[in-house]
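The values are calculated or read from the model by the stated rules, or taken from the named source; none is laboratory data. None of the values given here were measured: they were computed from a predicted structure. In this analysis, Cβ positions are derived from the backbone assuming ideal geometry, glycine residues included, and neighbour counts consider all displayed protein chains. For accessibility, only protein heavy atoms count, side chains too; no ligands or nucleic acids. Shrake-Rupley method; radii C 1.70, N 1.55, O 1.52, S 1.80 Å.
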Amino acid sequence: MDITSCFRWPKFNPEAAGAFCYSIGFMNLLCITTAMVFGYIASANSWEPMRRAIEIMASVYFASNQVEYIKHKRFLDMITITEPMQDTSKFTKAKKCSVQTGSVDKTGKQKPIRPRIYVDDALICAPFGFIKIILLACIKAIFLVCGQPQEHLRQCPLSLKKWKGCVIGPEEVMLGLLWNTRDLTIGITEEYLAEVHEQLTGTWHKGRKSFTITELQKMLGKVQRLGEASGWVFHLLPHMYRSTAFALAQNTKELELKSRSFKEHMETIKKLKERK
């Protein structure tokens, strides 16, 4: 669940507006910023209270079942919720700890579910029977904090571009990784694996005797992403980095010996440094 342009919701106090304004002299205009902007030094700090408010309010609405199903039904109709697996024996059980104490209390009742919001992304995990309730609770909290939706006047606080067509189920692709809440695993999507395979068989086949920096950068990037799902892959990276550094050093030596244009460029750079 994505909150549209989250940093534009916090407003400046009118008494402090002068500290955030600028003037355009030849047009006789004074421009005052009325909301935060992405990248401003205080944007994240100003959004933090609103982020926490949405999290806590959504949890309270869920616990008390104070959701507005009819009012917000149109938002549920925009997404697809997949049916749960019938065979519960395939579930991987998570170990309890001081932080994750389980989803139910001592009486077997579902504990309040609190969404976790990172910047503008609300991450929610819930049992199938409570998915709609927590989604409606989070939507209600977002609208209460950021304003009710008025698409004819402004963007909806709930990012409809990312919300429409969203599929909610035990398997989700987030941040480019495949998350499985049944197996408790993180994997790589089939599409990404196909891209890596294509590079290995096409670009990096056994007959290659040379490569370009661009080709190497793409391959390193692919391997780094694979390492996010398989820890052993990270052990390959130091060797690849060392091979890369060695190849670049050898290439520099080769250019210094045989490339006239490279020598001329190096001489030009030295002269410019001497002038400074």
> In the stretch 219-247, what count of residues is obtained for those that are among the charged types (D, E, K, R), modelled with pLDDT of 85 or more and either touching a Pro at 6+ places or on another chain (Cβ under 6 Å) or closer than 18 Å to residue 189 by Cβ (or both)?
Replying inline: 2
> Can you tell me which residue in the stretch 106-115 is modelled with the highest pLDDT, limited to those that are touching a helix residue (DSSP H, G or I) at 6+ places or on another chain (Cβ under 7 Å) and open to solvent by 60 Å² or more (accessible area, probe 1.4 Å)?
Replying inline: 114
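Looking only at residues in the stretch 253-268 that are open to solvent by less than 80 Å² (accessible area, probe 1.4 Å) and not small (Gly, Ala, Ser), which one is farthest from residue 217 (Cα to Cα)?
The initial filter retains those residues of the stretch 253-268 that are open to solvent by less than 80 Å² (accessible area, probe 1.4 Å), namely 255, 259, 261-262, 266, 268.
With the extra rule that they be not small (Gly, Ala, Ser), the set shrinks to 255, 262, 266, 268.
Numbers: 255: 21, 262: 22, 266: 24, 268: 28 Å.
Checked the stretch 253-268; the qualifying residue farthest from residue 217 (Cα to Cα) is 268.
Anything in the stretch 116-166 that is aromatic (Phe, Trp, Tyr), under 19 Å from the mean Cα position of the chain (by Cα) and surrounded by 13 or more Cβ atoms within 10 Å (Cβ to Cβ)? List them, or say none.
163
Filter the stretch 156-207 down to the residues that are part of a strand (DSSP E or B) and in contact with a Cys (Cβ under 9 Å, 6 or more places away or on another chain) and list them by number.
Step one: filter the stretch 156-207 for residues part of a strand (DSSP E or B), giving 158, 167-168, 171-174, 177-180, 185-188.
Within the stretch 156-207, just 158 meets the criteria.
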> Restricting attention to the stretch 231-252, does a residue exist that is open to solvent by 70 Å² or more (accessible area, probe 1.4 Å), outside any helix (DSSP H, G or I) and of a type outside the set (Val, Ile, Thr)?
Replying inline: yes
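Among the hydroxyl-bearing types (Ser, Thr, Tyr), surrounded by 12 or more Cβ atoms within 10 Å (Cβ to Cβ) and either in contact with a strand residue (DSSP E or B) (Cβ under 9 Å, 6 or more places away or on another chain) or in a helix (DSSP H, G or I) (or both): does that describe residue 59? Please lay out each step first, then the result.
On the way: among the hydroxyl-bearing types (Ser, Thr, Tyr): yes; surrounded by 12 or more Cβ atoms within 10 Å (Cβ to Cβ): yes; either in contact with a strand residue (DSSP E or B) (Cβ under 9 Å, 6 or more places away or on another chain) or in a helix (DSSP H, G or I) (or both): yes.
Criteria met by residue 59.
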>> Being out of contact with any helix residue (DSSP H, G or I) (no Cβ under 6 Å at 6 or more places or on another chain), closer than 22 Å to residue 251 by Cβ, open to solvent by 70 Å² or more (accessible area, probe 1.4 Å) and touching a residue at least 12 places away in the same chain (Cβ under 8 Å) is the requirement here; does residue 206 meet it?
In response: no
> Applying the selection to the stretch 111-159, what residues are within 27 Å of residue 184 (Cβ to Cβ) and among the acidic types (Asp, Glu)?
Replying inline: 120, 121
> Of everything in the stretch 73-98 that's in a helix (DSSP H, G or I) and either within 23 Å of residue 132 (Cβ to Cβ) or modelled with pLDDT of 80 or more (or both), which residue is least open to solvent (accessible area, probe 1.4 Å)?
Replying inline: 75
> Of (1) within 21 Å of residue 80 (Cα to Cα); (2) out of contact with any strand residue (DSSP E or B) (no Cβ under 9 Å at 6 or more places or on another chain); (3) surrounded by 12 or more Cβ atoms within 10 Å (Cβ to Cβ), residue 224 satisfies all except one. Which?
Replying inline: (1)
> Which condition breaks for residue 3 when tested against (1) open to solvent by 70 Å² or more (accessible area, probe 1.4 Å); (2) among the hydrophobic types (A, V, I, L, M, F, W, C); (3) in contact (Cβ under 8 Å) with a residue 12 or more places away in the chain; (4) in contact with a Ser or Thr (Cβ under 8 Å, 6 or more places away or on another chain)?
Replying inline: (1)
